[in-house]
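Below is one structure, written out as structure tokens; the observations come after it.
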Amino acid sequence: MNNAKRPLSPHLQVYRPQLSSVSSILHRITGAFLVVGGVVFVWWLMAAATGPEAFARANSCLTSTFGQIVLFGWVWAGFYHLVNGIRHLIWDTGQGYGKDESNRSARIVIGGSVLLTLSFWLIMTGQG
Amino acid sequence: MSGKPDTNYRSPLARARNLGSARSGVQSWWMQRVSAVALVVLMLWLVMSATFFLSTSHAAVTEWLSQPYNAVGIILFVVSMFYHAWLGVREIIEDYIHHKMLKVLSLIALQFVCFASGAAGVFAVLKIAFGG
């Protein structure tokens, strides 16, 4: 194995962010962030299973200002990862690899995720 | 029986050190896609059910989860999500953590978190659905 620490060419320090690379790393970042959201979701389910007092305590965390900001982040991360995930699945069939095609689909993913997030949030908070 | 010569171009030391391709991984790749498709369906269902399910009213939430199809749906969602998460975060750890002991501990910790969360989620839904 390589025991000596050999130097690496600079990459992140010099390469300009592109739509392709940014949408790709966002898929990974939103995925990781959603795992945390998943654990919190299970915590909320466990609170519901425990009883009304535990459930009320869990909700007071989630409805706090900080909680609402993080929840909003999870909603956007969820929609982004969902729509970009579909983009990945389409790639898996062999379609859509062209530069213009994938740049266009990246814009659809970003725009679509923002739209879905805002719609979902407005509908949910409108219910009260 | 005419035998094919057993050609292995790896040096003996390399073979002893288990260097080279892992020779497996397609199953993980495929199951990531399968769980992804399941999650697309389950997410769409969850988003559409959100106004009934994601409530601050304990009665509303427990009543919704007690309905059989809703309970099964959430159970499938929790299991699929943590399976998909396990496969995905495993790749992240393999990509960025190179210190052997740190990598091993992280992978084990990840597996425990995913399995424990999945178990807790399934249990919570069942308790609500059966507890009444």
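Derivation of every value follows stated rules applied to the coordinates shown; laboratory data play no part. Values in this document were obtained by computation on a predicted structure and should not be read as measured data. Neighbour counts are summed over all protein chains in view; Cβ atoms, including those assigned to glycine, are modelled from backbone coordinates with ideal geometry.
Odds and ends about this structure:
- For chain B: relative contact order, % (alpha-carbon pairs under 8 angstrom, 6 or more apart): 28 percent
- Qualifying trypsin sites (Lys or Arg not before Pro) for region A:61-106 [loop in DSSP, other Cβ within 10 Å: at most 11]: none
- Efficiency of FRET between A:L118 and A:I90 - r from beta-carbon atoms, R0 25 angstrom, step 0.05: 0.55
- Chain A: DSSP helices with Cα axial extent of at least 20 Å and average Kyte-Doolittle hydropathy no lower than -0.5: A:19-50, A:65-92, A:99-127
- Oblate is the label for region A:46-90, because a/c, from the alpha-carbon gyration tensor with a ≥ b ≥ c as root eigenvalues, is 1.5 or above and a/b does not exceed b/c.
- Membrane-span-like helices in chain B, defined purely by DSSP H runs whose alpha carbon atoms cover 15 Å or more axially and whose average Kyte-Doolittle hydropathy reaches -0.5, are B:26-53, B:68-96, B:100-131.
- 222 nm mean residue ellipticity, helices alone, for the protein assembly as shown (DSSP H n ≥ 4; -39,500 (n - 2.57); rounded to 500): -27500 deg cm²/dmol
- The calculated FRET efficiency for B:Y69 paired with A:V14, based on their beta-carbon distance and R0 = 45 Å, is about 0.25.
- Relative contact order computed over chain A (Cα-Cα under 8 Å; 6+ residues apart), in percent: 29 percent
- If you take all other residues with their beta carbon under 15 Å from the beta carbon of B:S28, and give Lys and Arg +1 and Asp and Glu -1, the sum is -1.
- Full-stretch length increase - B:A116, B:K103 - with 0.36 nm per residue and alpha-carbon distance subtracted: 2.7 nm
- Relative contact order computed over region B:56-132 (Cα-Cα under 8 Å; 6+ residues apart), in percent: 52 percent
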